[in-house]
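Single-structure report; data block below.
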Amino acid sequence: MIEFNQIYSAAMEVVNSVAASRGFIEPNTTVCVIYTRSGRLFNGVSMNDVHAEIEAVRNMQSFGENAVDSIILVDASSRVAMLPCFNCISMIISMNPMNNSAVVSMPDRAVSFQEVLSQNPLGYNPVPQPRGLRNSMPASSVVITGRSNGDLLNSKLSSLMAASNQEDSEEDRELLEELEGETKNKKGFFGSLFGKK
C-alpha cells in the first residue's frame, strides 16, 4: 500500500496543475488519485457534476485496470483529504471483488471501504444510485451517471434546496428560475416526448 504522503503529493501535483491551467480553482472542485494493485497512479478532477472519483476510474479503466489498492480524494480549494461518497465507493467495489479490501488514504490512517460503507445511513447499495448529496462534499455537488434529464434536474434541484441554508449564489438563483420555467412548460408525463409544450 502506498503511504499517505506519497498519494497526497500526487494529488497536490494535480491540484497545482488545475490551478495553473485555469488560473484559479473553482469552488467544489475535487481531485481523486487512485493507486492500483499493479502499482500505477490514475487521477481524476471533478468536472461539472461528475465526481473526481468517476473520472479517475474512467482513466484507470482506459488502461485496462480495475483493481484498486487505495484512493485519496482532496478538496482542491482547501487541499484537505476527505472521504468519497458511498455511491463512488460502491461503484468501485462493483468493478472488481478485490476492491472490497481497498482503502481511502487519510492523514491519520487508512480507512477501509467497508468502514466507510458501514457509516452509510441509507445502507450499502452495490450499484450507484442517483443521490443529490455527497458525503463530505458541498451540497451543490451531485452524482451524474448518464441519467435522463429529468433525473438530472431532480438531483440538481435537491442539491440546491439542501444548500438553501447557505447564501444563494447568482448561479443557484438562475438555475432555480430555469427549473421552475421548465416545470411549468411540461404538460403530462409524455408531453416533452411528443413535442407538446
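A Förster distance of 30 Å, applied to the separation of the beta-carbon atoms of Arg22 and Glu177, puts the FRET efficiency at 0.65. Between Glu13 and Ser118, the simple spin-label model (points 7 angstrom out along Cα→Cβ) gives 3.4 nm. A simple count of charges around Met12, restricted to other residues whose Cβ falls under 13 Å of its Cβ and scoring Lys, Arg +1 and Asp, Glu -1, yields -1.
Net length available on complete extension from Asn5 to Ser38 is 10.0 nm, with 0.36 nm assigned per residue and the Cα-Cα distance removed.
Across all Cα pairs in the stretch 1-128, the calculated P(r) in 10 Å bins from zero up to the longest distance comes to 14, 48, 33, 5, 0 percent per bin.
Each value in this text was obtained by applying a stated rule to the coordinates, not by laboratory testing. Computed from a predicted structure; not experimentally measured. Using ideal geometry, Cβ is built from the backbone for each residue, glycine included, and neighbour counts are taken over all protein chains shown.
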